[in-house]
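First up is the structure itself, then whatever we jot down about it.
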Amino acid sequence: MGKNKFPKKAENRALTISHPNSRKAKALTKQIIKTSTRQKTKMQYAIKRNLFGEKLIWFHDNIEPVEEYTAAMLDELFQKYLSRFDDELEQISIKHSIGQRKNRQHASREDVIKMTIKRDVEEYNTCGIEMVDILNNKQLKMFKEWDGEMGFLNQFNIRRFSKSFLANYKPPHGKGTNKNSKSTSECHDEEMPVVEGDQECEPDEKPEEISEFVVGASDIHPTAEVEMDGT
């Protein structure tokens, strides 16, 4: 009786390696690259969202307990935001002066802070800093009630506020008095375009580069300050 050779042929066919230039190999390579790019994009988006969420947490913890925010109050809030590292930089400076050390202690931390401040100041003086549109009373109420959950960030109207915009801002007539009237965000759409997606001041900037020098809200916590141990 002869043996059935079909299973053996099937086994040999399973071990066949496609030629690198074959259509099958090219299609497989294309699919791998596409999957890898998609995963990288998701990771970059998650990093940017978390960094932005940490920034909003700082603003949430430092806004005034009022029912309506004015442009002058928002400008004052941004000025406070830009000076949030002053105390820590002062401690680092004092640390350097002790014993006339030649080496810069905490140099990496100091450089990161200075780069972050420089970036924030440039944004505020040019295209603006991203922030919830708290000039809109409805958005202000939602922001004050926000519990820090990142999943709710898409519920906010995010805009870029610059120093010049706030200096020239004029609140719409009857703001907050008529439920059927346009919201503050709708009234100044032409003056302050809505930020869509991952728009930045510098379009060429890559998302992963942000994580290298932006200091998030978690780094502002008192436990992150330089210890004055006098050593």
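The values are calculated or read from the model by the stated rules, or taken from the named source; none is laboratory data. Since this is a predicted model, take the numbers as computed values, not measurements. Positions of Cβ are backbone-derived with ideal geometry, glycine not excepted, and every protein chain shown enters the neighbour counts. Only protein heavy atoms, including side chains, enter the accessible area calculation; ligands, DNA and RNA are left aside. Shrake-Rupley method; radii C 1.70, N 1.55, O 1.52, S 1.80 Å.
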**Message:** Within region 28-42, does at least one residue satisfy the condition of being open to solvent by less than 100 Å² (accessible area, probe 1.4 Å) and modelled with pLDDT under 80?
**Reply:** no
**Message:** Here's a check for you: in region 119-135, which residue that is part of a loop (DSSP other than H, G, I, E, B) and in contact with a strand residue (DSSP E or B) (Cβ under 9 Å, 6 or more places away or on another chain) is surrounded by the most Cβ atoms within 10 Å (Cβ to Cβ)?
**Reply:** LEU135
**Request:** Any residue in region 120-134 that's among the aliphatic types (A, V, I, L, M): show its pairings with residues that are crowded, with 19+ Cβ neighbours inside 10 Å and assigned to a strand (DSSP E or B) at Cβ separation under 9 Å, as long as the two are six or more apart or on different chains.
**Result:** ILE129/ARG160; ILE129/PHE161; MET131/ARG159; MET131/ARG160; MET131/PHE161; VAL132/ARG159
**Prompt:** For VAL66, which of the numbered conditions (1) assigned to a helix (DSSP H, G or I); (2) over 18 Å from the mean Cα position of the chain (by Cα) fails to hold?
**Reply:** (1)
**Request:** Report whether or not GLN79 is in contact (Cβ under 8 Å) with a residue 12 or more places away in the chain, polar (S, T, N, Q) and assigned to a helix (DSSP H, G or I).
**Result:** no
**Message:** So in region 65-79, with the set limited to residues that are of a type in the set (D, E, K, R) and surrounded by 12 or more Cβ atoms within 10 Å (Cβ to Cβ), which one is farthest from ALA107 (Cα to Cα)?
**Reply:** GLU68
